Amino acid sequence: MMKKTFFVTTPIYYTNGIPHIWHSYSSLIADILFKYKKISGFDVKFCTWVDENSQKAVQKAEEENMPVWEYLDMMAEKHKKVWDWLGISYTDFIRTTEPRHHELVRKVLQKSFDNWDIYEWVYEWLYCVWCEAFKKDEDLIEKDWKKVCPDHLKEPDKIKEKNYFFKLSKYQDKILEFYEKNPDFVTPKERFNEVIAFVKRWLEDFSISRETNKFWIKLPFDESQVTYVWYDALFNYVTVCQNWDERFWPADLHVVWKDIIRFHAIYWPAMLMSVGYELPKQILTTGFFTIDWQKISKSLGNVIDPVEFCEKYSKDLLVLYLLSNFNIWQDWDFDQANAVLTYNAKLANNLWNLLNRATVLTMKLELQNGFENEKMDENILKNFEEYDKNFKIFFEKYELKAVLDSTFKFLDDLNLFVTETEPWKLMKQEENLEKAKNILYTICESLRQVWLNLYPFFPEKMSKLFETLWLQNYSLYLENGKLAELKAKKENFIIKEKPEILFEKFEI
Ligand SMILES: [Zn+2]
């Protein structure tokens, strides 16, 4: 039987900077979803990339006094290094300058052109040389019967340029029809409603070419022009699915920032329809975050390097904070103190205390073959089954905050259960020994289940935790898609020694 496939992508990263914490956020989301599908037995693909066909990259190389190619190679390596360091397990890393991508883009450009969806037009730009920026009519103000730049009070230049345009307007009805048939195409709903309203109003054809040359992709039907930005960039998603990987298209999920949602939710479907490709299944939009309520920017000096941050604290702290404190689509503020508090409470206290109690007390029982006939406490079992069911639903809906919330809620309940039942007292009374054993078995089995569920978030730590309860080869089984088999397994928990501390507490 053919395995089910899952293909997830990160947003487009520009090559003129090194990924900072904001980029890590979207990559981590894609990575966790990828890992979850992988351990669940899916045939998986995960693509991340850099956009190199940009004017900015050329400028940046000039600033650094480097040949463009050398600069691009250097930056691509830097991007990969950050992702590798963070354990982002992408299967494909693509650069838009690669020949396989150029080939595909030229092929689709021609196809779209043959379908009458690309046309030539002499376009007039208004350009204020003092601002060094293009202006739209509505940007200008009136002065002495002339339309002038509001900042410089001078008339902008008119620049005439021949461009090729994509006939987006032609696809308005088809796009709306597609939205209707796919009510979950964009998450969250509010963002999707904005997109729908935008499409319903009016769609403007957009320019897909420029007269400049450099190394960009030449239009196959007019080699004096190159394609630029979105037409080129978006087709990356298809480029990585060529040859042996065709089974992965259409993509299951594009993770994008909200400022590029229009390109993904409107341009992209139309471009694909024009060349007869299937459309991606879903787009997950992340919100923005600020640092100390300020926009993240190099000039403000508040950029956080994810590698430095993780070296100072830990990768688990970053992942837990980014994904448990806010819903993916919310706007929010990054607060280091809050990150430390969250980690200390949830991982260093809540989870670690349970394991510590379970191992110390179980070792005192000196069970030769571990637990043999013990069963989960009925109430905890019921509680667990409810949690486990919801956990799956949340993951399928990509609601990672809810996934983590439900998990830590279950651990809270488990901690309370231990405190209330006091197994350390029961153990000392011969008549209550069986009761104590059942309680300890309940904790061990619950922890095992929780760790399996948390594996996509903290794979290294969970692998170490499995070892503390002598669970053999768990990571290996998980990496081979055996989550369901492991969850159904009956373990005896032969515990031989107290675990070393895996979650150190941090000071603020
Ligand atoms: Zn101006």
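The values are calculated or read from the model by the stated rules, or taken from the named source; none is laboratory data. Quick caveat: nothing in here was measured; it's all calculated off a predicted structure. Every residue, glycine as well, gets a Cβ built from its backbone with ideal geometry; the counts of neighbours run over all protein chains shown. Note: accessible area is taken over every heavy atom of the protein model, side chains too, but ligands, DNA and RNA are not part of it. Shrake-Rupley method; radii C 1.70, N 1.55, O 1.52, S 1.80 Å.
Provide the FRET efficiency to the nearest 0.05 for the K490-E311 pair, computing r from the beta carbons and using R0 = 35 Å.
0.30
Which loop-located chymotrypsin sites (Phe, Trp or Tyr not before Pro) does region 170-243 contain, where loop means any DSSP state but H, G, I, E or B and the Cβ has at most 15 other Cβ atoms within 10 Å?
W202, F215, F221
So if R0 is 51 Å, what FRET efficiency would V122 and S299 give, r being the distance between their Cβ atoms, rounded to the nearest 0.05?
Once the sixth-power term is evaluated, E becomes 0.85.
How long is the gain from N353 to N338 if the chain were fully straight, where each residue apart is worth 0.36 nm and the alpha carbon distance is subtracted?
So the extension gain works out to 3.3 nm.
Using θ = phi - 60° and the Karplus curve 6.51 cos²θ - 1.76 cosθ + 1.60, what whole-Hz ³J(HN,Hα) does each residue of region 248-259 get, with Gly and Pro shown as x?
Per residue, the Karplus-derived 3J(HN,Hα) values read 7, 8, x, 4, 7, 8, 9, 8, 9, 7, 5, 6 Hz.
Accessible area per residue, 1.4 Å probe, Å², for the chain: what's the number?
That works out to 48 Å² per residue.
Hand me the GluC sites (Glu not before Pro) from region 342-443 located in a DSSP loop with no more than 15 other Cβ atoms within 10 Å, in residue order please.
Numbers: sites: E366, E372, E374, E378, E385, E386, E396, E399, E420, E430, E431, E434; in loops: E366, E372, E374, E399.
Within region 342-443, the qualifying GluC sites (Glu not before Pro) (loop, at most 15 other Cβ atoms within 10 Å) are E366, E372.
Please name which of N53, N302, A265 has its Cα lying farthest along the dipole of the chain towards the positive end, using unit charges on Cβ (Lys, Arg +1; Asp, Glu -1) and the Cα centre as origin.
A265
Say R0 is 30 Å: what FRET efficiency, to the nearest 0.05, do Q55 and K154 get from their beta-carbon distance? Kindly include the intermediate steps, with their values, before the conclusion.
On the way: r = 25 Å, r/R0 = 0.83.
Computed FRET efficiency for Q55 and K154 comes out at 0.75.
Using the Cα centre of the chain as the reference point, and only Cβ charges (+1 on K/R, -1 on D/E), how large is the resulting charge dipole? Debye, rounded to the nearest 20.
It comes to approximately 720 debye.
Over all distinct alpha-carbon pairs, what is the Kirkwood Rh of region 384-504 in angstrom?
Across region 384-504, the inverse of the average 1/r is 15.7 Å.
Rounded to the nearest 20 Debye, what is the dipole magnitude of region 358-508 about its Cα centre when Lys and Arg each give +1 and Asp and Glu each give -1 at the C-beta?
Computed about the Cα centre, the dipole is about 220 debye.
Gain in length, R247 to W85, computed as 0.36 nm per residue apart minus the alpha-carbon separation, to one decimal in nm?
Details: separation 162, 0.36 × 162 = 58.32 nm, distance 2.94 nm.
Between R247 and W85, full extension yields an extra 55.4 nm.
Under 1.5 on a/c is rounded, so check that first for the chain, then, if it is not, pick prolate when a/b is larger than b/c and oblate when it is not; a ≥ b ≥ c are the square roots of the alpha carbon gyration tensor eigenvalues.
Prolate, since a/c reaches 1.5 and a/b exceeds b/c.
Give, as ranges by residue number, the residues of region 172-197 whose backbone N falls under 15 Å from the point 7 Å along Cα→Cβ of E396.
What the label zone holds, given the 15 Å backbone N cut-off, is 184.
Can you compute the charge dipole magnitude of region 56-95 about its Cα centre, using +1 on each Lys and Arg Cβ and -1 on each Asp and Glu Cβ, nothing else charged? Give it in debye, rounded to the nearest 20.
160
Any chance you could run the full-extension gain for N193 through Q429? It's 0.36 nm times the residue separation minus the Cα-Cα distance, nm to one decimal.
78.7 nm
Taking the simple approach of a point 7 Å from Cα along Cα-to-Cβ for both R201 and F134, what is their distance in nm?
Between R201 and F134, the label points sit 1.8 nm apart.
Kindly provide the helix-only [θ] at 222 nm of the chain, computed as the sum of -39,500 (n - 2.57) over DSSP H runs of four or more divided by all residues, to the nearest 500 deg cm²/dmol?
Roughly -14000 deg cm²/dmol at 222 nm, from the helical runs in the chain.
Ranking request for peptides 479-486, 495-502, 345-352: highest mean number of other beta-carbon atoms within 10 Å first, then the rest in descending order.
345-352, 479-486, 495-502
So which cysteines of the chain have no other cysteine's Cβ under 4.7 Å from theirs?
Singleton cysteines: C47, C241, C310, C444.
Using alpha-carbon pairs under 8 Å, 6+ residues apart, how would you state the relative contact order of region 286-384 in percent?
Relative contact order of region 286-384: 31 percent.
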